[in-house]
Amino acid sequence: MEISKKSALVTGASRGIGKGIALGLAAEGYVVAVNYVRNLKAAEGVLKEIQQLGSEGLLIQGDVGSSNDRKKMVDETVAEFGKIDLLVNNAGIAPKIRVEILETTEESFDRVLGTNLKAPYFLTQDVSRRMIGWKQSGEVEVPRIVFVTSISAYAGSRNRTEYCISKAGASMAAMSFAMRLAEEGIPVFEVRPGLTQTDMVEKVQDKYDRFIKEGIVPQRRWGYPEDIAKVVRAIARGDLDFSTGEIIEVAGGFSLKEL
């Protein structure tokens, strides 16, 4: 692998938003480490598409919720690519069962926050330390970090509060790393998707179809992984390097308020 090629590590990249981001980065000329947990076949499909785009990739099995797996992801990516120019914290899970706040279990709370908040926090801590060294040595000109969160960071849901809390926390984690790393010349961004058509929303698609039709999304359509990927591609190109710490919402105008 040519060390001169820019490289990215994308967590949860075998499907949905992560897959869209991985393919978008490959189209930008990045070599991409595709992290997945169980679905090897899906990850292999993403790798094949990356290769069809004329780029190269690496499959890394691992659960971001595991500290050992997180270290393995970073070590394997660096062993293959020599460095990480871009970290995309995308992996996320929803509660296994949606229940309201008076019924939420500690098991579900720990599971969701472990993956959606603790994992990107400590993965970013590890990668940030290495990025500082790569930048100082000139191996990476401008390292960059992205947190993929959700409009659930500020739009509450009564029956999945642990998910909303995890995304609100991830939003603050992105801000905190942006503050710390600004002086190091490492921009950090939060990309905040809205209602996005992936397998995560299959069970509630009819509900959200109705909400979209009624105007909860002013642009009156679902978001798609490609919409989020376009923003990450702009970040990867360096188009937004003087905007560290910014929240970029990709939600069809969801946050607009009208009287």
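The values are calculated or read from the model by the stated rules, or taken from the named source; none is laboratory data. None of these values were measured; they are calculated from a predicted model. Backbone-built Cβ (ideal geometry, glycine too); neighbour counts: all protein chains shown.
Counting residues in the stretch 130-144 that are among the β-branched types (Val, Ile, Thr), in a helix (DSSP H, G or I) and either touching a Lys or Arg at 6+ places or on another chain (Cβ under 7 Å) or closer than 22 Å to Ser66 by Cβ (or both) gives zero. When residues in the stretch 110-124 are screened for being aromatic (Phe, Trp, Tyr) and either more than 14 Å from Asn68 (Cα to Cα) or not in a helix (DSSP H, G or I) (or both), 1 of them pass. If only residues of the stretch 186-210 that are hydrophobic (A, V, I, L, M, F, W, C) and in a loop (DSSP other than H, G, I, E, B) are counted, the one that is surrounded by the fewest Cβ atoms within 10 Å (Cβ to Cβ) is Leu195. The set of residues in the stretch 235-252 that are more than 16 Å from Lys6 (Cβ to Cβ) and surrounded by 12 or more Cβ atoms within 10 Å (Cβ to Cβ) comprises Ser243, Thr244, Gly245, Glu246, Ile247, Ile248, Glu249, Val250, Ala251, Gly252. Of all residues assigned to the stretch 58-65, none qualifies as being charged (D, E, K, R), more than 30 Å from Arg158 (Cβ to Cβ) and modelled with pLDDT of 95 or more.
Restricted to strands (runs of 3 or more DSSP E) entirely inside the stretch 11-97, those with at least 1 residues that are without any contact (Cβ under 8 Å) to a residue 60 or more places away in the chain, under 18 Å from the mean Cα position of the chain (by Cα) and surrounded by 19 or more Cβ atoms within 10 Å (Cβ to Cβ) are 31-36, 57-61. Considering only residues in the stretch 124-172 that are surrounded by 20 or more Cβ atoms within 10 Å (Cβ to Cβ) and of a type in the set (Lys, Arg), the one that is farthest from the chain's Cα centre (by Cα) turns out to be Arg160. Among the residues of this structure, Glu249 counts as one that is in contact with a helix residue (DSSP H, G or I) (Cβ under 8 Å, 6 or more places away or on another chain), charged (D, E, K, R) and more than 20 Å from Tyr30 (Cβ to Cβ).
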